[in-house]
Amino acid sequence: MKLDCHTHTSRFSACSVISPDDLLKLARERDLDGLVLTEHNRFWPPDEVSWLRRAFPELLVFTGAEITVGPHHVVVFLPRPDTSLFLCGSLESLSSAVAERDGYAFVAHPFRFNPNFDELVRNYPFAAIEVASFNQPQSDRVELSLEYARRHDLQPITASDAHSSDPVGDYFIKLPEAVVSVDELIAALHAGDFDLHAPVLPGNNNKFPDRDIF
Ligand SMILES: [Zn+2]
Ligand SMILES: [Zn+2]
């Protein structure tokens, strides 16, 4: 199944210009099987997620959050939303909190703001790292991220980080089997058995040539 693990909507992320309805419609039109809504420092209310699932029964809709920790953005998936994680002041404390709750996390766009990301992070505490997204599409930064993942034995992950319609359907991972619950999703991600898809990766059409960061 094709899954986009990092998306934002205008419902709960002020920086996004795409509504939840439009995002889910596009995801379906562009052949995704599911996505994870990962708003900035906010979990979706369960009743509103239920409404979306009813409106888009053919799409698997999961929720996580993108948590700001100092200069870093960390995408977190938990079996149950827990806003206490928004208070974590370091990657290490957030990592411990995620592990205690049997969750999964990765740092988003590691080289988007910090070309010296590897100097900022002495001991990377998560199992995965986002290597390409619409907010980190440049081939040199993708290569830096892939090299970082290789050096630290991390799972690389690709996701759109969509804030608009543009990247929906172009960045995703492909899992060998469908997952229907967030617990299954977390287990599948930890297993690491998935393929990466991004326009800048070898073997893909480079629809988004290198460009400045917006
Ligand atoms: Zn971010
Ligand atoms: Zn994001």
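Using the alpha carbon gyration tensor of segment 2-197, what are the three equivalent-ellipsoid semi-axes (square root of 5 times each eigenvalue), largest first, in whole Å?
Working: eigenvalues 115, 68, 53 Å².
They are 24, 18, 16 Å, listed largest first.
Could you grab the relative contact order for segment 76-214? Cα pairs under 8 Å, six or more apart, rounded to a whole percent.
Details: 201 pairs, mean separation 30.4, N = 139.
The normalised contact order for segment 76-214 reaches 22 percent.
With the simple model of a label 7 Å out from the Cα in the direction of the Cβ, residue 50 to residue 150 spans 4.9 nm.
Given their separation in residues at 0.36 nm each and the Cα-Cα distance between them, residue 90 and residue 120 gain 9.6 nm when the chain is fully extended. When the chain is treated as a GNM with alpha-carbon contacts under 10 Å, the residue of 41, 123, 135 showing the greatest mean-square fluctuation is 123. Per-residue extension of 0.36 nm, minus the Cα-Cα distance of residue 29 and residue 191, leaves a gain of 55.5 nm for this segment.
Distance from the alpha carbon centroid of segment 101-164 to that of segment 10-76 works out to 20 angstrom. Comparing 81, 46, 199 in a Gaussian network model of the chain (Cα springs below 10 Å), the most mobile by mean-square fluctuation is 46. Taking a sphere under 15 Å around the Cβ of residue 78 and counting the other residues whose Cβ falls inside, with K and R at +1 and D and E at -1, yields a net charge of -4.
Sort segment 45-160 into rounded, prolate or oblate with this rule: let a ≥ b ≥ c be the square roots of the eigenvalues of the Cα gyration tensor; rounded if a/c is under 1.5, and if a/c is not under 1.5, prolate when a/b is larger than b/c, oblate otherwise.
Working: a/c = 2.24, a/b = 1.44, b/c = 1.55.
Taking the square roots of the gyration eigenvalues as a ≥ b ≥ c, segment 45-160 is oblate.
Close amide H pairs (under 5 Å, H built 1.01 Å from N) link residue 67 with 41, 74, 75, 76, residues at least 5 positions away or on another chain.
Rule-based calculations on the coordinates, nothing more; no lab input. This one's a predicted model, so the numbers in the text were calculated from it and none came from an experiment. Virtual Cβ from ideal backbone geometry, glycine too; neighbours counted across all protein chains shown.
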